[in-house]
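Everything on this sheet refers to the single structure shown next.
The values are calculated or read from the model by the stated rules, or taken from the named source; none is laboratory data. Everything numeric here is computed off the predicted structure, so don't read it as measured data. Using ideal geometry, Cβ is built from the backbone for each residue, glycine included, and neighbour counts are taken over all protein chains shown. Ligands, DNA and RNA are stripped out before the accessible areas are found, and what is left, the full protein with its side chains, is counted by its heavy atoms. Shrake-Rupley method; radii C 1.70, N 1.55, O 1.52, S 1.80 Å.
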Amino acid sequence: MDIIYSPDHHAHRGEFEFYRGELVPCFEKPERADFIFKAVTGHQIGPVSAPDSFPLAPIERVHAPRYLRFLERAWDSWTALGNTHDAIPAVWPIRGFRHDVEPDNFIAQLGMYSFDSGTPFTSGTWRAARLGADIALTAQRRIAQGARAAFALSRPPGHHAGPDFLGGYCFINNAAVAAQAFLDGGASRVAILDVDYHHGNGTQSIFYDRADVLFQSIHGDPKTEYPFYLGHADETGAGPGLGFNQNYPLAAGSSNEQWFVALDSACKRIRDYAPDALVISLGVDTYVGDPISKFRLDAPEYLRLGGQLAGLGLPTLFVMEGGYAVEEIGVNVAQVLRGFRDVAG
Ligand code: 6XA
Ligand code: ZN
């Protein structure tokens, strides 16, 4: 399996995030990807290549140009005000406020394009986010050219980023960019399966009214788990997209049996949809030892997950999302990819 990676993800290194009302060191740190890289190379999952460079056009297929323009200029705007520390959103236009007028004030702009205070914007954020999209697009291209599977080892993650908003450590939705690239390259239908602990609200929002992308997400119940305001079972799509979005919210603390029942349902729906390609939003914050999540998956379950995904028999693109038990996430990711390889051959 081809692995696409660049050490330049280090450009994005947030210092602090707000967590339960306190400023704490960022959970989403460069060491995460370093450990994953070490584990996948150690387990000989496949050859590693650097990403190709892509223009902004494939990213603009899923994100609003004015949002991307904001991200591109954000650090310069912030430092022009005399700031040297990371920018953290602090004010948001909730119901009743105007969304059509972009304020001149930077912190007001940042609030307009974000939904939480846990996602710092740093000097290298735009560069790393662009690189993450390049990684996803390069891996997608490998599959479009005939590879059975590829792993986009990108960072920062992407699945919370919507058409025009960042949050949950995410800026560009790498899985969505890749899914759209499959369609633009001639695919008729693409399925995205999100197995991260957190609902992929950004991916859902991007494709909610479309039938050419099937979105399936297994996650902690948003009644108690982040991102709280989306991810319920009754969100099944809208307009032409009705029936092409399924959420499998599970109570925090759910058993592995319950998790695999949900996986079976999602896999069945994917088989029925018969997509040309499958994109996996691969978060391993479902791990029993994850510091911010409450499922109980461990090495044998990750192996089983990989095997079940291979059993779908589809061209499969893995895109890295969350996972914060830093020293263990590499092994957990490698287990999924090994499980896939053992079945796919
Ligand atoms: C709140 C928790 C953000 C979770 C991000 C994540 N700061 N998403 O792992 O998949
Ligand atoms: Zn997550």
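The table below lists the values:
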| read-out | value |
| --- | --- |
| Check on Q258, in contact with a Cys (Cβ under 8 Å, 6 or more places away or on another chain) and away from ligand 1 (no atom under 14 Å from the Cβ) | no |
| Any hit, segment 218-238, residues being closer than 26 Å to V288 by Cβ, in a loop (DSSP other than H, G, I, E, B), open to solvent by 10 Å² or more (accessible area, probe 1.4 Å) and polar (S, T, N, Q) | yes |
| Some residue of segment 291-299 being open to solvent by 50 Å² or more (accessible area, probe 1.4 Å), touching a Phe, Trp or Tyr at 6+ places or on another chain (Cβ under 6 Å) and part of a loop (DSSP other than H, G, I, E, B) | yes |
| Criterion violated by K38 - all others in (1) away from ligand 2 (no atom under 16 Å from the Cβ); (2) buried (at least 20 other Cβ atoms within 10 Å of the Cβ); (3) outside any loop (DSSP other than H, G, I, E, B) satisfied | (2) |
| Residue among F18, F35, F27 that is farther than 30 Å from A344 by Cα and either among the β-branched types (V, I, T) or touching a Gly at 6+ places or on another chain (Cβ under 6 Å) (or both) | F18 |
| Subset of segment 44-67 that is under 18 Å from the mean Cα position of the chain (by Cα) and in a loop (DSSP other than H, G, I, E, B) - its residue that is nearest to S154 (Cα to Cα) | P51 |
| Any hit, segment 83-104, residues being within 30 Å of A191 (Cβ to Cβ), of a type in the set (A, V, I, L, M, F, W, C) and touching a strand residue (DSSP E or B) at 6+ places or on another chain (Cβ under 8 Å) | no |
| Residue within segment 69-80 that is loosely packed, with under 13 Cβ neighbours inside 10 Å, more than 26 Å from Q180 (Cβ to Cβ) and touching a helix residue (DSSP H, G or I) at 6+ places or on another chain (Cβ under 9 Å) present | yes |
| Which numbered condition F340 fails, given (1) more than 16 Å from ligand 2 (Cβ to nearest atom); (2) free of Cβ contacts under 8 Å to residues at least 40 places away in the same chain; (3) assigned to a helix (DSSP H, G or I); (4) surrounded by 19 or more Cβ atoms within 10 Å (Cβ to Cβ) | (2) |
| Residue in segment 14-58 that is farthest from M1 (Cα to Cα), counting only those that are among the small types (G, A, S) and in contact (Cβ under 8 Å) with a residue 24 or more places away in the chain | G14 |
| Output for segment 178-217, where each listed residue is within 16 Å of ligand 2 (Cβ to nearest atom), part of a loop (DSSP other than H, G, I, E, B) and acidic (D, E) | D196 |
| In segment 149-166, residue nearest to I45 (Cα to Cα) [restricted to those that are in contact with a His (Cβ under 9 Å, 6 or more places away or on another chain) and within 8 Å of ligand 1 (Cβ to nearest atom)] | H159 |
| Residue selected from segment 308-329 under the condition part of a helix (DSSP H, G or I) and within 16 Å of ligand 1 (Cβ to nearest atom), by the criterion least open to solvent (accessible area, probe 1.4 Å) | I329 |
| Number of the exception - A175 against (1) away from ligand 2 (no atom under 14 Å from the Cβ); (2) assigned to a helix (DSSP H, G or I); (3) crowded, with 24+ Cβ neighbours inside 10 Å | (1) |
| Test: G283 is at pLDDT 95 or above and either of a type outside the set (D, E) or buried (at least 20 other Cβ atoms within 10 Å of the Cβ) (or both) | yes |
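Residue by residue, here is whether (1) modelled with pLDDT under 95; (2) under 20 Å from K29 (Cβ atoms); (3) hydroxyl-bearing (S, T, Y) holds:
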{"site": "R98", "(1), (2), (3)": "no, no, no"}
{"site": "E102", "(1), (2), (3)": "yes, no, no"}
{"site": "G132", "(1), (2), (3)": "no, yes, no"}
{"site": "L137", "(1), (2), (3)": "no, no, no"}
